[in-house]
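Only one structure is covered here, and it is reproduced in the block below.
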Amino acid sequence: MHDTYLGLAAFAQTGGLILFVVAFLLVVAYAFWPSKKRKKEFDDAANIPLKED
């Protein structure tokens, strides 16, 4: 039982790490991938703190 738990825990930790690294890379690729359609949206979002109410 103890060996099974350790094996499953190690698999879950490794799988979770891989999942989060892949998700992070996908988010970064989405943010930096050149796209004319999203450029205006990202520029507008970047200027939100500079807008006065």
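The values are calculated or read from the model by the stated rules, or taken from the named source; none is laboratory data. Note that the structure is a prediction, hence the values are computed from the model and not measured. So basically every Cβ, Gly included, is an ideal-geometry build from the backbone, and we count neighbours across all protein chains shown.
Out of all the residues in the stretch 45-52, is one or more surrounded by 10 or more Cβ atoms within 10 Å (Cβ to Cβ), of a type outside the set (G, A, S) and at pLDDT 90 or above?
The answer is no; no qualifying residue exists.
Please go through the stretch 6-44 and give me each residue that is among the aromatic types (F, W, Y), in a helix (DSSP H, G or I) and exposed (fewer than 10 other Cβ atoms within 10 Å of the Cβ), ordered by number. If you could, list the steps in order and put the result at the bottom.
Start the filter on the stretch 6-44 by keeping residues that are among the aromatic types (F, W, Y), which leaves 11, 20, 24, 30, 32-33, 42.
With in a helix (DSSP H, G or I) added as a condition, the list becomes 11, 20, 24, 30, 32, 42.
Once the filter is applied, which keeps residues that are among the aromatic types (F, W, Y), in a helix (DSSP H, G or I) and exposed (fewer than 10 other Cβ atoms within 10 Å of the Cβ), the stretch 6-44 yields only F32.
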